[in-house]
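The values are calculated or read from the model by the stated rules, or taken from the named source; none is laboratory data. What you are looking at is a predicted structure, and each value in this text was computed from that prediction instead of being measured. Glycine gets a Cβ as well: all are built from the backbone with ideal geometry, and neighbour counts include every protein chain shown.
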């Protein structure tokens, strides 16, 4: 019987499972059919990097017993010195206009990567991850931002259903990316009882 619990990462075993899921779902190791059907990750997070990132702020996971059913990494600006791709992303984000001012003038955080274990896809884990993001962070930030590979249609659709909307598209050495925002006007608010 599946019993899914959203929570913050609290131990090294959970980080090890995130690292393993990140590696197992990397686009470089998936067929074109797998990428189209299941989505993909563009890069993998190694355990030492995850350990350092989680000293700054713990990420969100959904567990079924001892198994990590999915994760959604939380990255704040304070984590940028630890993780070079985050530094690169912030450089791209800073000048982009959103709601009439550059993103650098907004109070937001970044979802660094989301992944659901293959055994738990289609079981509501994706939505549980984002519901917990909202519960944990909506009172502290105006919105959540992430970027999705333009070719990752599964991820694009899932984020649209949650309320994310594209505010910018850019190209880097990894490909074309949509920058998407989940803000207070599109579901990123603390739910009323």
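Side notes on the structure shown:
- Extreme residue, farthest from residue 35 (Cα to Cα), among residues of region 87-113 that are out of contact with any helix residue (DSSP H, G or I) (no Cβ under 6 Å at 6 or more places or on another chain) and assigned to a helix (DSSP H, G or I): 105
- Residues in region 136-155 that are closer than 24 Å to residue 104 by Cα and in a helix (DSSP H, G or I): 136, 137.
- Those residues of region 14-56 which are surrounded by 14 or more Cβ atoms within 10 Å (Cβ to Cβ), closer than 20 Å to residue 176 by Cα and out of contact with any strand residue (DSSP E or B) (no Cβ under 8 Å at 6 or more places or on another chain), in sequence order: 30, 34, 35, 36, 38, 39
- Within region 57-67, the set of residues being more than 17 Å from residue 135 (Cβ to Cβ) and either out of contact with any strand residue (DSSP E or B) (no Cβ under 8 Å at 6 or more places or on another chain) or surrounded by 23 or more Cβ atoms within 10 Å (Cβ to Cβ) (or both) comprises 65, 66, 67.
- Output for region 19-50, where each listed residue is out of contact with any helix residue (DSSP H, G or I) (no Cβ under 6 Å at 6 or more places or on another chain), in a helix (DSSP H, G or I) and closer than 22 Å to residue 109 by Cα: 22, 48, 49
- Residue check, residue 165 at pLDDT 90 or above and surrounded by fewer than 20 Cβ atoms within 10 Å (Cβ to Cβ): yes
- Each residue in region 114-135 was checked for being buried (at least 18 other Cβ atoms within 10 Å of the Cβ) and out of contact with any helix residue (DSSP H, G or I) (no Cβ under 7 Å at 6 or more places or on another chain), and 7 pass.
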